[in-house]
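One structure is given below, encoded as structure tokens.
The values are calculated or read from the model by the stated rules, or taken from the named source; none is laboratory data. Predicted, not measured: the structure shown is a model, and the values here were computed from it. Here the Cβ positions follow ideal geometry from the backbone for every residue, glycine too, while neighbour counts run over all protein chains shown.
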Amino acid sequence: METPLAGEQTPQRKPWRAQALGLLGWIVTAYFAAAVGAGASVDASTFYGQLTKPGWAPPAYLFGPVWSVLYTMMGVASWLIWKAPGRTHAALGVYLMQLAINALWSWLFFAWHLGAAAFADVALMCILIAATIGAFWRLNHFAALLLMPYLLWVSFASALTWAVWQGNPALL
């Protein structure tokens, strides 16, 4: 074990049990946001099925598995930041803000059929995810990289939200 140099502080390492509970907690937090959004998606398959969609829209069955992987990656990324030494509060604050905006999108689109608001929400989500990646990068590069697929998927979702909203003025 290395000894710190004079004046240098050794970062406090969280005990193994605290780290394991932290990982579980951050994954549960990500999936809690998913559950809040899912509450608005009870009739999503019926509603989504009746919408006019662009030819490049993925099939409805693909969304669940993709989001499951992304939420897991988000949970792991946030845990890596939580356990990082230093000031992590601001980075985790931005992360939690984008997570709330993420959950809101399903309500705007599927429950309330507000296409313009859903598009504004997903555009804001892209900005907040990019800000989260920037904040995470300063603390842990791998955590930031874990969020890149999420940013790419939400960027794609932004274009899809726009196209579906514009193609369904009577429904959205």
Inset, instruction - Kindly state which helices (runs of 4 or more DSSP H) lie completely within the stretch 83-153 and contain at least 1 residues that are more than 28 Å from GLY22 (Cβ to Cβ) and hydrophobic (A, V, I, L, M, F, W, C). - result: 115-137
Legend entry - Residue that is farthest from ALA163 (Cα to Cα), among those in the stretch 59-85 that are more than 15 Å from the chain's Cα centre (by Cα) and without any contact (Cβ under 8 Å) to a residue 60 or more places away in the chain: ALA84
Legend entry - Subset of the stretch 1-31 that is polar (S, T, N, Q), surrounded by 10 or more Cβ atoms within 10 Å (Cβ to Cβ) and at pLDDT below 95 - its residue that is farthest from MET73 (Cα to Cα): THR10
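Pick from the stretch 109-152 the residues that are of a type in the set (Val, Ile, Thr) and surrounded by 18 or more Cβ atoms within 10 Å (Cβ to Cβ): which of them is farthest from ILE81 (Cα to Cα)?
VAL122
Within the stretch 148-165, is there a residue that is over 19 Å from LEU51 (Cα atoms), small (Gly, Ala, Ser) and more than 11 Å from the chain's Cα centre (by Cα)?
yes
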Legend entry - Subset of the stretch 50-82 that is of a type in the set (Gly, Ala, Ser) and part of a helix (DSSP H, G or I) - its residue that is farthest from LEU146 (Cα to Cα): ALA60
Legend entry - Matching residues, the stretch 32-47, being under 21 Å from the mean Cα position of the chain (by Cα) and surrounded by 16 or more Cβ atoms within 10 Å (Cβ to Cβ): ALA33, ALA34, VAL36, GLY37, ALA38, ALA40, SER41, ALA44
Legend entry - Every residue from the stretch 66-83 that is crowded, with 17+ Cβ neighbours inside 10 Å and either hydroxyl-bearing (Ser, Thr, Tyr) or in contact with a Pro (Cβ under 9 Å, 6 or more places away or on another chain) (or both): LEU70, TYR71, MET73, SER78
Legend entry - the stretch 48-65, subset of a type in the set (Phe, Trp, Tyr) and surrounded by 10 or more Cβ atoms within 10 Å (Cβ to Cβ), residue modelled with the lowest pLDDT: TYR48
